[in-house]
1. Is it fair to say residue 110 is without any contact (Cβ under 8 Å) to a residue 12 or more places away in the chain, surrounded by fewer than 19 Cβ atoms within 10 Å (Cβ to Cβ) and either touching a Pro at 6+ places or on another chain (Cβ under 8 Å) or of a type in the set (Lys, Arg) (or both)?
2. I need the full set of residues from the stretch 53-74 which are more than 13 Å from the chain's Cα centre (by Cα) and closer than 23 Å to residue 155 by Cα, in order please.
3. Run down 100, 154 and say which single residue is of a type outside the set (Lys, Arg), in contact with a helix residue (DSSP H, G or I) (Cβ under 9 Å, 6 or more places away or on another chain), crowded, with 20+ Cβ neighbours inside 10 Å and over 23 Å from residue 36 (Cβ atoms).
4. Cβ contacts < 6 Å: first residue farther than 21 Å from residue 86 by Cβ, restricted to the stretch 118-147; second residue more than 10 Å from the ligand (Cβ to nearest atom), any location; separation 6+ or different chain. Result?
5. Among the strands (runs of 3 or more DSSP E) confined wholly to the stretch 57-158, which include 1 or more residues that are more than 12 Å from the ligand (Cβ to nearest atom), under 21 Å from residue 12 (Cβ atoms) and of a type outside the set (Ser, Thr, Tyr)?
Amino acid sequence: MDVALREVRDDDLSVFWAQMNEPEGIHMAAFTAEDPSDRAAFDAHWARNRQDPAVIHRTVVGGSGEIVGHAAVFGPPEEREVTYWIGREYWGRGAATAALRELLGAVPERPLLARAAADNAGSIRVLEKCGFVVTGRERGFANARGEEIDEVVLTLVG
Ligand SMILES: CC(C)(COP(=O)(O)OP(=O)(O)OC[C@H]1O[C@@H](n2cnc3c(N)ncnc32)[C@H](O)[C@@H]1OP(=O)(O)O)[C@@H](O)C(=O)NCCC(=O)NCCS
């Protein structure tokens, strides 16, 4: 599907919040907020990040301006990392791959890291299609699973 990235607007946040509360997405992402349904914590998190010049947030929009999801680059200079979330109804249509490609074109910083639950095959595939390679494996506590799980670290060099 055709997507474009634009600056995040206040009105986008309710859509992101709904998308980030879809049970299938929460399970897949695994490393989520402790309580994704806590709207006050969500709003505080986004308010902080939107004021932080080191966080590059973009809204992913479809051809009719519909909000498909969001994508971001964040983290300290030596550990810049990408993240993204696509609303359930848009999965499987190439939206994440197209959005990440556009983000990588707009942000020249390298290397870039990404992390995914080891069983998040979709996200790992998206990253590999965009040139990331697996460079590490870790264990981490995943709020959405209530336990420690395997995590894959990927790196984009060029
Ligand atoms: C993971 C996610 C971003 C994928 O988004 P998407 O728009 O459906 O991905 P795309 O359509 O661009 O798919 C890219 C590739 O991944 C594959 N893929 C997507 N979902 C998959 C899944 N659940 N299992 C296996 N492969 C999958 C597609 O088949 C495609 O591969 P192909 O081109 O070889 O056929 C989306 O499911 C999502 O936002 N999930 C919840 C949040 C999340 O996990 N974010 C990432 C945190 S690390």
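1. For residue 110, the condition - without any contact (Cβ under 8 Å) to a residue 12 or more places away in the chain, surrounded by fewer than 19 Cβ atoms within 10 Å (Cβ to Cβ) and either touching a Pro at 6+ places or on another chain (Cβ under 8 Å) or of a type in the set (Lys, Arg) (or both) - is not met.
2. Result: 53, 54.
3. 154
4. 135/153; 135/155; 136/153; 139/148; 141/148
5. 67-74
Just so you know, all these numbers are worked out from the coordinates, no wet-lab data involved. Keep in mind it's a predicted model, so treat the numbers as computed, not measured. Glycine gets a Cβ as well: all are built from the backbone with ideal geometry, and neighbour counts include every protein chain shown.
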